[in-house]
1. Given a Förster distance of 45 Å, report the FRET efficiency between residue 47 and residue 378 from their Cβ-Cβ distance, rounded to the nearest 0.05.
2. For the range 246-287, report the translational diffusion coefficient in µm²/s to the nearest whole number, using Stokes-Einstein at 20 °C, 1.002 mPa s, and a Kirkwood Rh over Cα pairs.
3. Could you rank the peptides 361-370, 217-226 by their average count of other C-beta atoms within 10 Å per residue, with the highest value first?
4. Step by step: find N for the range 299-400, compute 2.2 N^0.38 Å, then divide the Cα radius of gyration by it. What's the final number?
5. If you find the alpha carbon centre of the range 15-36 and of the range 90-130, how far apart are they in angstrom?
6. What percent do you get for the relative contact order of the range 1-117 when only Cα pairs under 8 Å and 6+ apart count?
7. Could you pull the Cα extents of the range 150-285 along its three principal axes, largest to smallest, in whole Å?
8. How do the peptides 268-276, 196-204, 86-94 rank, highest first, by the average count of neighbouring beta carbon atoms within 10 Å per residue?
Ligand code: HGY
Ligand code: MN
Ligand code: MN
């Protein structure tokens with residue numbers, strides 16, 4: 001497996017170069033120039049492994065090793081290749097590289113799958129440019145309509161389809177995919193938390209993924225002069241937004257059972273040091289393993305926001321994303337555990353506090369997910385790091401599982 005180690009090291013390294021913030025982590029926004037460089041690299045790596053490469057009308061990338069059973073559904077392996085702002089080099093790419101390496105091993109061992117093997121690289125899982133997230137996978141399974149997709153715009157007002165055309169992508173290509181064309185979706189991902197490292201265990205077999213929602217709260221008031229406007233005659237949108245945000249953590253603490261809430265993005269308008277803000281827009285990310293907690297938190301957050309509708313302050317809440325908690329496929333979990341045992345790789349069951357494309361596919365095909373440890377549990381930051389030794393172990397398990405699921409011969 002020496003070749004594997006050198007291939008995956010160079011691929012992770014190469015993909016990390018396609019960032020808008022060199023020396024400050026990975027910033028690779030969907031349909032950006034960094035996306036284009038990463039996309040071209042991924043496609044060339046797919047071709048180098050003899051895969052048939054195509055892109056869909058969202059810009060998702062597929063590399064296919066045709067199965068011997070005519071028209072048979074595919075075993076898909078992959079993850080996303082966009083990033084959060086100033087994120088890490090492994091969140092997403094670890095899963096894309098794992099898929100590429102499984103294809104490389106199929107080629108090296110000259111394996112002929114009965115069911116096609118498809119390596120996938122998905123767009124806009126993070127939602128960093130167009131909001132919401134899980135966009136590539138939602139598009140593939142038809143949860144994102146063409147109308148909704150066309151009306152998504154980034155903070156500069158550039159639409160998805162304009163941005164696609166700018167980097168030479170074709171929005172008119174086929175989009176939604178018949179679930180019957182998918183036999184399984186397997187995703188290797190970094191844990192993005194401390195559990196595997198704390199237990200000194202290299203592999204997590206994912207049992208379930210938390211439910212999550214992403215809200216966008218808009219607070220409006222009245223712009224004014226910072227010096228001449230008396231305090232009792234202000235409708236300060238940012239002061240109101242800050243008061244709301246300050247109360248959010250306690251809503252989750254009161255809800256309990258590891259419910260979490262995060263206000264991660266805040267935009268202030270007009271954003272002048274000597275101007276009373278007339279608008280503040282912020283996101284609220286809520287997650288829990290139990291759907292009731294997510295639903296309760298949405299109601300509690302809406303009530304808190306609405307309670308500020310007074311003295312010239314107006315508020316509104318938009319739901320950008322909502323997805324229920326997902327349990328992953330029992331047979332695939334058993335297959336991963338069996339292969340880990342055969343390979344003498346220690347594993348543990350684990351739940352995911354992060355959202356993943358796997359949760360979208362899980363309502364449409366059999367889904368399995370593996371985690372590898374994150375150093376110090378850090379992710380969504382430049383310090384994010386995972387070892388290629390752990391990545392290689394995860395790939396070995398994926399490779400063994402893919403041979404079974406594709407009924408490969410050779
Ligand atoms: O936010 C998440 O859980 C994932 O990283 N998109
Ligand atoms: Mn991810
Ligand atoms: Mn992420």
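Laboratory data are not the source of any read-out in this text; all were calculated from the coordinates shown. Nothing here was measured: the structure is a model prediction, and the numbers come from that model. FYI the Cβ positions are ideal-geometry reconstructions off the backbone, even for glycines, and counts take in every protein chain you see.
1. Details: r = 34 Å, r/R0 = 0.76.
Efficiency, rounded to the nearest 0.05: 0.85.
2. Values: Rh = 11.9 Å.
The calculation lands on 180 µm²/s.
3. Working: 361-370: 23.2, 217-226: 18.6.
Ranked from most to least packed, the peptides come out as 361-370, 217-226.
4. For the range 299-400, the normalised Cα radius of gyration comes out at 1.57.
5. First find each Cα centre; the distance between them is then 19 Å.
6. Working: 164 pairs, mean separation 36.8, N = 117.
Once normalised by length, the contact order is 31 percent.
7. So the three principal-axis extents are 65, 46, 24 Å.
8. Numbers: 268-276: 12.3, 196-204: 18.3, 86-94: 25.0.
Packing order, densest peptide first, comes out as 86-94, 196-204, 268-276.
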